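Trainee: Let me give you the structure first, and then I'll get to my questions.
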Amino acid sequence: MRVTQFVGVIAALLLALPAVAQMRGHGGPVRALAITGDGRLAVSGGFDQAAIVWGLDTGAALNVLRFHDGAVNAVATLPDGRFASGSEDGRIALWRLGQTEPERVLEGHAGPVASLAVSPDGAALASAAWDGTARIWPLAGGPARILEGHKGNVNAVAFLPDGGLVTAGADASVRIWTEDGQPVTSATLPSALSALAVTADGEIAAAGADATVRFLGRDGRERGQVELGPAPVIALSPSPDGTRIAAASAGGTVAMIDRAGRKVLFNLVGPGLPVWSVAWRPDGSELVTGGGDRLVRRWNASNGEPIGPLAMPRPADVLAAFHGERGAEVFRACVACHTLTPDEPPRAGPTLAGIFGRRIAAIPGYRYSEALRGMDIVWTPETVARLFEVGPARYTPGTRMPEQTINSAEDREALMRFLAKATGASETKAGTTAPN
């Protein structure tokens, strides 16, 4: 489908579908959000390795994009209609609406990409990563500038109005750079930093583990602070007019901060799960958030009230029917990444439905690592138990599955019995949370 055709489909959907305020589609926490310049579309990135393009007024998922080999931690919209996604796999993908594969892939980071930002002139994309660097990528092509100096993960990046760059990291420092990537100054704050925002007049807001938003000048000097507490601040986003800062927390709230008064005006209160991402619609009327409940939500930015009913329960406890079974309790460590039945929404790992008798890396449409595709393993009670006895890194080298072992033989056996029942296997079979 050509881009012009795709835009036409979007317009039809926006006119035809009823408005909704809660968008469900991700199979894990919504880690990143960005909104297009016309305010009609949002792009979200999730722990489930997917990026989704949404029609904001309808809640329709217009495109679900699966390219990355890890959580999509950052997204950004570009002035020319493209958007970018940055992932745990260290890659940045550039997309055009209507395309199912990236137009271009930026590679170079040796660790997860945590944050993306677009330069004021739209000519460059900046990235922050857990390899201890930030990079400035010319969107017209050419090598990236590498910015080094942080001691540890670089968690956030933002452009200044004049094209300079600001970075913040786990080393508690805010670093300010020239447009061509030369260091200018730095400030060390009291705790590790995870979020940055820059307003149109150049003021910098930084926040992180100590739940305090600090305001800095271009010289790195602190101008004021707002204590939010007790939960760490995960994301910051300035309003389009620059008068307010939205601060999302791991405690499940979003504080609306008045910049001039250095005070909280009100809080957006959701279901209590972490709010990982926050973005404004361009006219400043709404906030859009993404959180641990796997939803994208819309809020009235003038009073903090949810648009539409807030009542959206936490994801159903799929293990409730197995209450009291030891194997189900062991499986709780796996439920965030794997489903038990084929009709559940996708998550970071492939479904376990029909796991026994299935060859490794055999689920259609799931992006397996190349290492797994070359292995000769069939998942049986014995092979799955062995996976958890020695650990995924040893049994399936090259897997993206988090390292974990089950030391107790009794627990492994209980898990096998549970999965034999829960995944549709016969009573003579058994299984576990194998990732493939």
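Trainee: Tell me yes or no: at least one residue of the range 216-230 is at positive phi and without any contact (Cβ under 8 Å) to a residue 24 or more places away in the chain.
Mentor: Among the residues of the range 216-230, at least one is at positive phi and without any contact (Cβ under 8 Å) to a residue 24 or more places away in the chain, which makes the answer yes.
Trainee: Okay, moving on. So which residues in the range 319-373 are part of a loop (DSSP other than H, G, I, E, B), under 19 Å from Tyr395 (Cα atoms) and at pLDDT 90 or above?
Mentor: Leu352, Ile355, Phe356, Gly357, Arg358, Ile360, Ala361, Ala362
Trainee: Only residues that are under 18 Å from Pro350 (Cα atoms) and in a loop (DSSP other than H, G, I, E, B): list them for the range 392-408, please.
Mentor: Passing the criteria: Thr396, Pro397, Gly398, Thr399, Arg400, Met401, Pro402, Glu403, Gln404.
Trainee: For the range 108-118, state whether one or more residues are over 15 Å from the mean Cα position of the chain (by Cα), closer than 20 Å to Val166 by Cα, surrounded by fewer than 24 Cβ atoms within 10 Å (Cβ to Cβ) and among the aliphatic types (A, V, I, L, M).
Mentor: yes
Residues are listed down the side, and each one gets a yes or a no for (1) surrounded by 15 or more Cβ atoms within 10 Å (Cβ to Cβ); (2) on the phi > 0 side of the Ramachandran plot; (3) at pLDDT below 95:
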position: Pro102; (1), (2), (3): yes, no, no
position: Val105; (1), (2), (3): no, no, no
position: Leu125; (1), (2), (3): yes, no, no
position: Gly141; (1), (2), (3): no, yes, yes
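Okay, residues lined up against (1) outside the structural domain of Ala128 (by TED's automatic domain parsing); (2) at pLDDT 95 or above; (3) within 20 Å of Glu286 (Cβ to Cβ):
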position: Ala206; (1), (2), (3): no, yes, no
position: Arg214; (1), (2), (3): no, yes, no
position: Gly217; (1), (2), (3): no, yes, no
position: Leu228; (1), (2), (3): no, yes, no
position: Ala231; (1), (2), (3): no, no, no
position: Leu236; (1), (2), (3): no, yes, yes
position: Thr243; (1), (2), (3): no, yes, yes
position: Asp258; (1), (2), (3): no, yes, yes
position: Phe266; (1), (2), (3): no, yes, yes
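The values are calculated or read from the model by the stated rules, or taken from the named source; none is laboratory data. This structure is a prediction, so every number in the text was calculated from the model and none was measured. In this analysis, Cβ positions are derived from the backbone assuming ideal geometry, glycine residues included, and neighbour counts consider all displayed protein chains.
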